[in-house]
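Before any comments, here is the structure.
The values are calculated or read from the model by the stated rules, or taken from the named source; none is laboratory data. All values reported here derive from a predicted model rather than from experimental measurement. Neighbour counts run over all protein chains shown; Cβ positions are idealised from the backbone, glycine included. The area values use the complete protein model at the heavy-atom level, side chains included, leaving out ligands, DNA and RNA. Shrake-Rupley method; radii C 1.70, N 1.55, O 1.52, S 1.80 Å.
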Amino acid sequence: MNNSIKDSDTKIISDFLCDGGSMELLMTSIHGPYSIIYYDCEQQVLWVGRDPIGRISLLWNISTNKLIVTSVGHKDIPDLKEVPAIGLFRFDLNACKLVPQLYQWSHTRFDCDYDIPNELQYFKQTCIHHVTNPEDSILQQNDQLNMSELLSHQEFCKNVDSLIHYLSQSVQKRTTINPKACKMCEFKCDHAKIAILFSGGIDSALLALLASKYVESDEPIDLLNVSFEKPANSNNFECPDRQTCLNTLEELKTLCPTRRWNLIKIDIPNVELQQKRFDTIRHLIYPLKTVLDDSLGCSLWFASRGLGKCNGKSYKTPARVLLSGMGADELLGGYTRYRKILQRHGWQSLNEELDKDFSKIPSRNLGRDNRVCCDHGRQLRTPYLDENFVEFIRGLAPWQRCWPKEPYPINLGEKLLLRLAAFRLGLVNAACLPKRALQFGSRIANKKENGNDISDRL
């Protein structure tokens, strides 16, 4: 399939299949985010699936004689579920019952009742050789090391170089394969084409710094930062992420002095939050329904709308593409609970937890986030979930990615490898910022609520 990148991906796929190409071969040859619904009229077969990382939304409702497949739902459509990102599903429309066969991705470990006629290989078969042992790590032998000292050590130096290499490639693809006109313009323009969901933390700061290498020098990059009104204090939009993003912006300006950064302060009053949640957001989040889905879905909907103030003036980002740091915590050990798992159960249990969290991303986050952001006609792109980056990181032992144990604090041990990469590239302050979840950083969430409970606001 040596088609030009200028061709429509839908046309390329359609031509390949119409010429007698195999759906199984096609799906193992494509990298990148997608969902697919393909109706083979001659064979009376329907193919349905999502990419193995689950970056694009697809929902379904399967009954005995009726099938609904849609990219976005509505609460009035009962019993919709996320299509599992575990393989390619084949429906024989001549059969008495609509029961799909599953062509399962070989890397998935998913217990299911589907008939599985074949496995499909997507990620390369890599034999992970843990050439290091955590007991031999310099971190185990010396508990007083700082980032500069760690970067001088061969144990980390090579992996930091590789992380920067793969992440840079990922960001380059996601910032340069893009229309030359913004959403407002018909022809090439010098408005922002790329916006970044920007808390000021290490994940978004590193994406911003790398994006500046590849976005055309005369174009600004929009940084979207959302804050919600404090319930008991009207017109107060102060939140932890707002101050963090201002500090990190100064660091970016120092490192990229010729780049024009547009910081969009997106302040959301409670009245507007309640109205948009009821009218629109709850339908986009559906079929997910927890307190965490509510707070994250609302935060992302308002952030990706991109309407706020820039330099004191009303501004709406014209960018077609949004970059998000999704996946960094699951891959590189960013959650604070990993520290307790390691302390109580050891490195093997932490490795299993990292694998489990990564496998849950399609159903727990990505479909919802894709639906919410696309509602504004923008495409959400996730550089940390690039296939090559994922393969590299998951080929490392957990202690090569993070070191969440005493005496190293959470602003060093969690996501250690990513922090070292950011430090090497000059983000000295951002590299030391502790993890702060979006729902708390933007102040939409109530810490007294359990994020896994069913939300009564949806």
Residue 310, sole failed condition from (1) out of contact with any Leu (no Cβ under 7 Å at 6 or more places or on another chain); (2) open to solvent by 10 Å² or more (accessible area, probe 1.4 Å): (1)
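Per-residue answers, yes or no, for (1) in a helix (DSSP H, G or I); (2) at pLDDT below 95; (3) at positive phi; (4) open to solvent by less than 20 Å² (accessible area, probe 1.4 Å):
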position: 405; (1), (2), (3), (4): no, yes, no, no
position: 410; (1), (2), (3), (4): no, yes, no, no
position: 417; (1), (2), (3), (4): yes, no, no, yes
position: 420; (1), (2), (3), (4): yes, no, no, yes
position: 427; (1), (2), (3), (4): no, no, no, yes
position: 444; (1), (2), (3), (4): no, yes, no, no
position: 447; (1), (2), (3), (4): no, yes, no, no
Considering residues of the range 297-307 that are within 15 Å of the chain's Cα centre (by Cα) and open to solvent by 10 Å² or more (accessible area, probe 1.4 Å) only, the residue farthest from residue 404 (Cα to Cα): 301
Filtered residues of the range 392-433 (kept if among the small types (Gly, Ala, Ser) and closer than 19 Å to residue 349 by Cβ): 397, 413
Which listed residue is closer than 23 Å to residue 31 by Cβ, touching a helix residue (DSSP H, G or I) at 6+ places or on another chain (Cβ under 6 Å) and touching a residue at least 12 places away in the same chain (Cβ under 8 Å), from 367, 327, 395, 297: 327
Restricting the range 282-296 to residues that are closer than 11 Å to residue 73 by Cα and of a type in the set (A, V, I, L, M, F, W, C), the residue that is most open to solvent (accessible area, probe 1.4 Å): 288
Given (1) farther than 18 Å from residue 198 by Cα; (2) surrounded by fewer than 24 Cβ atoms within 10 Å (Cβ to Cβ); (3) among the basic types (Lys, Arg), index of the condition residue 435 fails: (1)
Condition met for residue 217 (in a helix (DSSP H, G or I) and open to solvent by 10 Å² or more (accessible area, probe 1.4 Å)): no
Odd one out for residue 64 among (1) touching a strand residue (DSSP E or B) at 6+ places or on another chain (Cβ under 8 Å); (2) at pLDDT 75 or above; (3) open to solvent by 80 Å² or more (accessible area, probe 1.4 Å): (1)
Residue in the range 174-207 that is farthest from residue 331 (Cα to Cα), counting only those that are crowded, with 16+ Cβ neighbours inside 10 Å and charged (D, E, K, R): 183
Every residue from the range 383-401 that is under 21 Å from residue 178 (Cα atoms) and open to solvent by 10 Å² or more (accessible area, probe 1.4 Å): 388
